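A.B. asks: Before we start, here is the structure in question, set down as structure tokens.
Every number here is computed from the coordinates shown, using simple stated rules; none is lab data. Keep in mind that this is a model prediction, so the values were computed, not measured. In this analysis, Cβ positions are derived from the backbone assuming ideal geometry, glycine residues included, and neighbour counts consider all displayed protein chains.
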Amino acid sequence: MKISASFLAIKENIKENIKRLDNSSIDYLHVDIMDNIFVPNITKNFNEISELLQDINTLKDIHLMVSDVISYIDDYSKLNPAFITFHLEAVDNVKEVIDYIKNKNIKVGISIKPNTMVDELIDYLDLIDLVLVMSVEPGFGGQNFIDNSLDKIEKLYTLRKNNNYHYLIEIDGGINASNINKLNGVDIAVVGSYITNSDDYSKTVEELKNT
């Protein structure tokens with residue numbers, strides 16, 4: 001299982017601490033983007049985020065928790081991310097958004113909130129590169145893992161196997177060393193405050209990878 005580290009919970013010395021993540025063995029840097037419309041929280045603007053990530057070598061995993069998806073794709077595609085993931089609940093024209101990201105030669109992810117069922121993704125599973133299951137309500141770090149997320153993971157894993165789909169399964173929210181071993185079938189685990197609240201980022205990442 002790969003680790004995508006979120007820096008959402010970092011409040012001080014943000015640039016220095018992102019570099020600490022970059023110097024650890026994380027596989028992706030998870031970049032949470034919020035607009036205070038789709039979710040009740042807001043992150044820094046694009047120029048500020050771009051400055052924070054200027055010298056970062058880790059592959060970027062962009063998670064758009066926004067309503068005006070297209071304009072944010074235009075901005076964040078400039079960071080040459082590995083993935084741009086948008087929320088199914090945020091758009092009416094899902095297929096158009098998928099194509100829009102693909103046309104920028106970036107892999108496409110779709111995320112679903114805890115109350116959204118996997119069945120609502122069925123029409124798009126053969127078109128996308130990643131499904132991000134939110135195991136907390138999006139918007140804030142440090143929340144507790146929602147257990148029924150495991151049922152969604154199992155269903156996505158079965159659908160992928162039975163239909164020869166190729167999407168990666170990612171999960172985000174409340175993940176730590178005590179529950180990461182429950183995530184059977186997950187390809188990428190997003191971990192935020194469990195890493196960034198620790199004294200030694202590298203040691204904590206290795207703990208998660210070896211659990």
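A.B. asks: Across segment 91-124, what is the total count of residues that are in a loop (DSSP other than H, G, I, E, B), of a type in the set (A, V, I, L, M) and farther than 18 Å from Val31 by Cβ? Even if it seems obvious, please write down each step before you answer.
C.D. replies: Just the residues of segment 91-124 that are in a loop (DSSP other than H, G, I, E, B), to begin with: 91-93, 103-106, 113-117.
Next, only the ones that are of a type in the set (A, V, I, L, M) stay: 91, 106, 117.
Retained after the next criterion (residues that are farther than 18 Å from Val31 by Cβ): 91, 117.
Total meeting the criteria: 2.
A.B. asks: Sticking with this structure for a sec: Based on this model, can you work out whether Asn93 counts as surrounded by fewer than 17 Cβ atoms within 10 Å (Cβ to Cβ), more than 18 Å from the chain's Cα centre (by Cα), over 17 Å from Leu168 (Cα atoms) and polar (S, T, N, Q)? Before the answer, list the steps.
C.D. replies: Numbers: surrounded by fewer than 17 Cβ atoms within 10 Å (Cβ to Cβ): yes; more than 18 Å from the chain's Cα centre (by Cα): yes; over 17 Å from Leu168 (Cα atoms): yes; polar (S, T, N, Q): yes.
Yes, satisfied.
A.B. asks: Now for a different question. For segment 120-168: of the residues being acidic (Asp, Glu) and surrounded by fewer than 17 Cβ atoms within 10 Å (Cβ to Cβ), which is farthest from the chain's Cα centre (by Cα)? If you could, list the steps in order and put the result at the bottom.
C.D. replies: Filtering segment 120-168 down to residues acidic (Asp, Glu) leaves 120, 123, 126, 129, 137, 147, 151, 154.
Within this subset, residues satisfying the condition of being surrounded by fewer than 17 Cβ atoms within 10 Å (Cβ to Cβ) are 120, 123, 126, 137, 147, 151, 154.
Working: Glu120: 19, Asp123: 21, Asp126: 19, Glu137: 13, Asp147: 18, Asp151: 19, Glu154: 18 Å.
My answer is Asp123.
A.B. asks: To continue, here is another question. What number of residues in segment 118-150 are closer than 24 Å to Ile180 by Cα and touching a helix residue (DSSP H, G or I) at 6+ places or on another chain (Cβ under 8 Å)?
C.D. replies: First, pick out the residues of segment 118-150 that are closer than 24 Å to Ile180 by Cα: 118, 129-150.
Narrowing further to those that are touching a helix residue (DSSP H, G or I) at 6+ places or on another chain (Cβ under 8 Å): 118, 131, 133-135, 141-142, 150.
Of the residues in that region, 8 qualify.
A.B. asks: A follow-up question, please. Regarding Leu53, is this residue in contact (Cβ under 8 Å) with a residue 12 or more places away in the chain, in contact with a Leu (Cβ under 9 Å, 6 or more places away or on another chain) and not basic (Lys, Arg)? Give the derivation first.
C.D. replies: Values: in contact (Cβ under 8 Å) with a residue 12 or more places away in the chain: yes; in contact with a Leu (Cβ under 9 Å, 6 or more places away or on another chain): yes; not basic (Lys, Arg): yes.
When the stated conditions are applied, Leu53 passes them.
A.B. asks: Of all residues being within 23 Å of Val108 (Cβ to Cβ) and among the β-branched types (Val, Ile, Thr) in segment 41-72, which is surrounded by the most Cβ atoms within 10 Å (Cβ to Cβ)? Just the residue, please.
C.D. replies: Looking at the filtered set, the residue picked out is Ile62.
A.B. asks: When you scan segment 99-118, do you find a residue that is surrounded by fewer than 17 Cβ atoms within 10 Å (Cβ to Cβ), touching a residue at least 12 places away in the same chain (Cβ under 8 Å) and closer than 18 Å to Val191 by Cβ, even just one?
C.D. replies: Within segment 99-118, one or more residues are surrounded by fewer than 17 Cβ atoms within 10 Å (Cβ to Cβ), touching a residue at least 12 places away in the same chain (Cβ under 8 Å) and closer than 18 Å to Val191 by Cβ.
A.B. asks: If a residue must be in contact (Cβ under 8 Å) with a residue 40 or more places away in the chain and over 19 Å from Ile112 (Cβ atoms), how many such residues does segment 172-190 contain? Break it down into steps so the answer makes sense when it comes.
C.D. replies: At the first step, the residues of segment 172-190 found to be in contact (Cβ under 8 Å) with a residue 40 or more places away in the chain are 172, 175, 180, 183, 186-190.
Narrowing the set further to residues that are over 19 Å from Ile112 (Cβ atoms) leaves 180.
Final tally of qualifying residues: 1.
A.B. asks: In addition: Taking interchain pairs and intrachain pairs at least six residues apart, which have beta carbon atoms under 7 angstrom, with the first residue in segment 68-96 and without any contact (Cβ under 8 Å) to a residue 40 or more places away in the chain and the second among the aromatic types (Phe, Trp, Tyr) and surrounded by 17 or more Cβ atoms within 10 Å (Cβ to Cβ)?
C.D. replies: Partner pairs satisfying both residue conditions: Val69/Phe86; Ile70/Tyr100; Ile73/Tyr100; Ile84/Tyr76; Val94/Tyr124.
A.B. asks: Out of segment 169-211, which residues are of a type in the set (D, E, K, R) and under 19 Å from the mean Cα position of the chain (by Cα)? Reasoning before the result, please.
C.D. replies: Applying the first criterion (of a type in the set (D, E, K, R)) to segment 169-211 yields 170, 172, 182, 187, 199-200, 203, 206-207, 209.
Across segment 169-211, the qualifying residues are Glu170, Asp172, Lys182, Asp187, Lys209.
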